[in-house]
Every structure is written in C-alpha cells, then in structure tokens.
1. If a residue has to be touching a residue at least 24 places away in the same chain (Cβ under 8 Å) and under 14 Å from the mean Cα position of the chain (by Cα) to count, how many in the stretch 31-48 make the cut?
2. Return the residues of the stretch 119-130 that are within 25 Å of Ile42 (Cβ to Cβ) and more than 14 Å from the chain's Cα centre (by Cα); say none if nothing qualifies.
3. What's the total number of residues in the stretch 149-184 that are acidic (Asp, Glu), over 14 Å from Ser67 (Cβ atoms) and assigned to a helix (DSSP H, G or I)?
4. Out of (1) closer than 19 Å to Leu163 by Cβ; (2) surrounded by fewer than 23 Cβ atoms within 10 Å (Cβ to Cβ), what's the single condition that is false for Ala69?
5. So, Ser126, is that one within 30 Å of Asn58 (Cβ to Cβ), at pLDDT 95 or above and surrounded by 13 or more Cβ atoms within 10 Å (Cβ to Cβ) or not?
6. Please state which one of Phe140, Phe109, Phe148 is surrounded by fewer than 20 Cβ atoms within 10 Å (Cβ to Cβ) and at pLDDT 95 or above.
7. Look at Ala92 and say whether it is closer than 19 Å to Val124 by Cα and in contact with a helix residue (DSSP H, G or I) (Cβ under 7 Å, 6 or more places away or on another chain).
8. Of the residues that make up the stretch 130-143, is at least one without any contact (Cβ under 8 Å) to a residue 40 or more places away in the chain, among the small types (Gly, Ala, Ser) and under 24 Å from His22 (Cβ atoms)?
Amino acid sequence: MSITILIIPGLGDSGEKHWQTHWLKKFEHSVKVYQDNWDEPILDDWLTKLNETIENVNGKIVLVAHSLAVSLVAHWVEKHESTKIVGALLVAPADVDSPAHTPDIIRNFAPIPLSKLPFPTTVVASENDNYVTLTRAKFFADNWGSSFKNIGRKGHINSDTNLEYWEEGQIFLEEIIATSGVPIQL
C-alpha cells in the first residue's frame, strides 16, 4: 500500500523557493492541489478542488497544508470524510478570523472550524508569524487535537524564510506518517 503526500498551498500558491515546491520535487509520492484562482480564493471553489484531488488519489493520504490551506483542511473535515486521510501536517495557520492578521480577501474562510480533527495532526507555528500569533496557533492545535511545534522565529514559514527542503518539517512529516501505520520511506 502506498501513501501520497498531498501538498496544499495557501493564498498566492507556493512559489519556486517555497519548501512545499521543494517537497513536490523531492518526494516521489507527492501530489499538489491546484486552485483556479490563487489570489482571490473562494472557500467553496477551493473545497471542491481539494475534494476532487483527494478522490483522485489511490491509497492513503497525508495532507501537508500551509497558511490559508490549514483553514481549508478544517473546513473540508466539516463537510467531507474519507478513510484515505491518515494524518496532516498543518503549517503556519493563517488566522482568517482576525482582520489584524489576514487580508479581507480571505475573510470568506472565516470562521475557522475548531472541531477535533479525525486523524493525527501536527500544527507547526513560528513566534514571529505576521498571519497568526503563537497563542492563537496553539489554540487551534488544542481544539483540533493536534500536537504543537513552536519552531522559533521563522516568520510565516514560507519562501521568505528560505527554508529550501525544510529538513525540520520533514521530521514532523515522518512523525505523522509513522502514526499512520502505513509503511513509506521518505
């Protein structure tokens, strides 16, 4: 049985220098969710694309969401279920509920669902992220039943941070995969 790493970018997509783009190149069993409009996201449209991608994957899936995509995953769980999903790495969740931290263009993703997620998850946050406070990211993790990783001062954990293959994140991904019981080697 195989496991697919489903890369889910946030607002604006993940550029060439983003760790998600590096992971897509590195991991043979990775697939990206593509959106029709990266810059003016509509929740229902993004949910449709995420669900279609999940349905088209054979085997088990680990979600790897960044920023706005973390909220997308929480919304997807409210509306859908799939035994394919065995875990999720939720990186730098954008606080869509906070006008002080996120742009108005993504307000249609609010309120962010706070129900416990039905699969193992890890929330990764930074102490100096402009899109969410560390306290708020920890609040999300607590509500979702996620483990929580504070990785220090790494901004929004995106291209600007220049993480390249983000080896620390790969360790978190391996931990999620290990809890799934599905054998895969990164």
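1. The number of residues fulfilling the criteria is 5.
2. Asp129, Asn130, listed by residue number.
3. Here the count works out to 4.
4. Of everything listed in (1) closer than 19 Å to Leu163 by Cβ; (2) surrounded by fewer than 23 Cβ atoms within 10 Å (Cβ to Cβ), Ala69 misses just condition (2).
5. No: the conditions fail for Ser126.
6. None of the others qualify; the one that does is Phe148.
7. Answer is no for this residue.
8. no
The values are calculated or read from the model by the stated rules, or taken from the named source; none is laboratory data. All values derive from a computational prediction rather than experimental measurement. Note that we place each Cβ from the backbone using ideal geometry, even for glycine, and neighbour counts take in every protein chain shown.
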